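Worksheet for the structure shown next.
The values are calculated or read from the model by the stated rules, or taken from the named source; none is laboratory data. Treat the numbers as computed from the prediction; the structure is a model and nothing was measured. Glycine also receives a Cβ, built like all others from the backbone with ideal geometry; neighbour counts cover every protein chain displayed.
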Amino acid sequence: MSKVRVLVGTRKGAFILSADGKREKWDVSGPHFSGWEIYHLKGSPVDPNRIFASQSSGWFGQIIQRSDDGGKTWFQPGTPKGETSSPEDRMPKGESNKFVYDTSASSGKPLTTHQWYDGTQHPWEFKRVWHVEPSLTDPDLIYAGVEDAAIFRSQDGGMNWHELAGLRGHGTGPKWQPGAGGMCLHTILLDPSNPARMVIAISAAGAFRTDDGGNSWKPINRGLRSQFIPDPVAEVGHCVHHVAMHPSRPSVLFMQKHWDVMRSDDAGEQWKEVSGNLPTDFGFVIDVHAHQPETVYVIPIKSDSEHFVHDGKLRVYRSRTGGNEWEPLTKGLPQANCYVNVLRDAMAVDSMDQCGIYFGTTGGQVYGSADGGDSWFPIVRDLPAVLSVEVQSLP
Amino acid sequence: MITVVLPPHLRSLAHVQGDVTLEVARPVTLEAVLDTLEERYPMLRGTIRDHVTKQRRPFLRFFACEQDLSHEAPDLPLPDAVVSGREPFFIIGAIAGGSGREV
């Protein structure tokens, strides 16, 4: 591996940060899709130059963009590159923007209601794509997690999207409710050892797992405890903020819940708290070292009513023991008067020999570490608020 | 020819600069203009109207000849000045639109 490419989604566009393996000198390209909210970008593990981006706007809705040249140029899947109109016999354009819940009798589930903030029932409505997850084996296969919570799949490189309706139709939907950011499906983990298994997470419903390729799903929230729901240990209703896995051990999951850092050793069947000595166990991001499956990173946030780092200090916490024992990592990070947040999809690790860690803040900084978190450096300081960070390790 | 003024984000999405001109079959209604626009620029499908219901997206408005046509029926014939090309048809992003939510 000799290069890294950091994909940054922000409130006002996407940016691509590139460096060689030393990760000392960075090139910054962007903004791509200037002025649009870019909730997430992610590259295909099979074809790293193929990158998918979720572009959205409260005014104009959802757009899916794709690059086949590593982010230099972009197009909406189905639209020939550089063309504004296509011949009659080509795929109708605009289809890639179309996320319609599957209510068909054959494969769908009826549109139901979910719980609104005040406990009343509210109809399911599509808002945006929060997370795109390309397949580990097929460059044309990609999943999308959306708000209001559902998972969609494209098998043609993002041109057409179909809901895997078994999740929304699980039957517990009326007990799901939006978190502060909306009722979003924000985490999709693909099991490298079992193509039929996926884990997803929804704020605020909890984590779910499929073992049959997405046809049926079960809640995997046993062991979670949430005081904001009437039954704190209910089957669903938990505000899971993010879940991470190491590819070599897909049954071991780490979760940053609204409050509490959790761990499961059996693919979510049972969770136990591993918050240990963290200064606060509220937070959004969580990730695992590329080569050390027991090394985990979180960034504690003060509280659910004060979404900024604790004590005005930006500290990444690392556990080398799979949780419970955490050490603050501060070298190179601001340790006074810092009041940024780090959102749930805004941390990523590269797979260089010396594992790199990257995260972005709501203050527009993207920090990197080329030594597993021992020291940090700002790659950029003044981007729009960062919504997501992904990284690609390239030959 | 009908002149349509798009908001900047939709111009960039459609790869156009400035106003758009369209040949719209008569009768020139609100719906006919939007259908023609989406046919010519299919990447705009879903950005102005819902893909399925064809309802106007909530934070967009339609103006022409100093009138707000946002809530008019889709088969409303547009004013003669728009049909003749003397006045444009505006698609406007509502000032109060968008999302201010915490992610």
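The set of residues in the range A:110-125 being surrounded by fewer than 20 Cβ atoms within 10 Å (Cβ to Cβ) and either in contact (Cβ under 8 Å) with a residue 60 or more places away in the chain or farther than 23 Å from A:ILE63 by Cα (or both) consists of A:PRO110, A:THR112, A:THR113, A:TRP116, A:TYR117, A:ASP118, A:GLY119, A:THR120, A:GLN121, A:HIS122. Cβ separations smaller than 6 Å between residues 6+ apart or across chains give the following pairs from the range A:54-74 residues that are more than 13 Å from chain B (Cβ to nearest Cβ) to residues that are part of a strand (DSSP E or B): A:SER67/A:ILE51; A:GLY71/A:ILE16; A:GLY71/A:ILE51.
Within the range A:339-360, can one find any residue that is in contact with a helix residue (DSSP H, G or I) (Cβ under 9 Å, 6 or more places away or on another chain), more than 18 Å from A:SER18 (Cα to Cα) and modelled with pLDDT of 95 or more? Yes, some residue in the range A:339-360 is in contact with a helix residue (DSSP H, G or I) (Cβ under 9 Å, 6 or more places away or on another chain), more than 18 Å from A:SER18 (Cα to Cα) and modelled with pLDDT of 95 or more. Can you name every residue in the range A:338-363 that is over 22 Å from the mean Cα position of the chain (by Cα) and more than 19 Å from A:VAL380 (Cα to Cα)? Answer for the range A:338-363, where residues must be over 22 Å from the mean Cα position of the chain (by Cα) and more than 19 Å from A:VAL380 (Cα to Cα): A:ASP353, A:GLN354. Within the range A:97-125, the residues that satisfy the criterion of being under 21 Å from B:ASP50 (Cβ atoms) and part of a strand (DSSP E or B) are A:THR113, A:HIS114, A:HIS122, A:PRO123. Scanning the range A:217-241 for residues that are on the phi > 0 side of the Ramachandran plot and crowded, with 20+ Cβ neighbours inside 10 Å returns a single hit, A:GLY237. Within the range A:201-208, not a single residue is among the small types (Gly, Ala, Ser), outside any strand (DSSP E or B) and surrounded by fewer than 19 Cβ atoms within 10 Å (Cβ to Cβ).
Looking at the range A:21-37, I want the residues that are away from chain B (no Cβ under 14 Å) and closer than 12 Å to A:ALA370 by Cβ and have a partner that is among the basic types (Lys, Arg) and assigned to a strand (DSSP E or B) with Cβ atoms under 8 Å, at least 6 apart or on another chain. Which pairs are those? From the range A:21-37, the pairs are A:GLY21/A:LYS3.
Based on what the data block shows, is A:SER275 touching a strand residue (DSSP E or B) at 6+ places or on another chain (Cβ under 8 Å) and away from every other protein chain (no Cβ under 14 Å)? Yes; evaluated as a whole, the condition is true for this residue. Scanning the range B:32-77 for residues that are of a type in the set (D, E, K, R) and either touching a His at 6+ places or on another chain (Cβ under 7 Å) or within 14 Å of chain A (Cβ to nearest Cβ) (or both) yields B:ASP35, B:GLU38, B:GLU39, B:ARG40, B:ARG45, B:ARG49, B:ASP50, B:LYS54, B:ARG56, B:ARG57, B:ARG61. Annotation: of all residues in the range A:256-281 being out of contact with any His (no Cβ under 7 Å at 6 or more places or on another chain) and in a strand (DSSP E or B), the one that is surrounded by the fewest Cβ atoms within 10 Å (Cβ to Cβ) is A:LYS272. Only residues that are of a type in the set (A, V, I, L, M, F, W, C), away from chain A (no Cβ under 14 Å) and in contact (Cβ under 8 Å) with a residue 60 or more places away in the chain were counted across the range B:1-31, and they come to 4.
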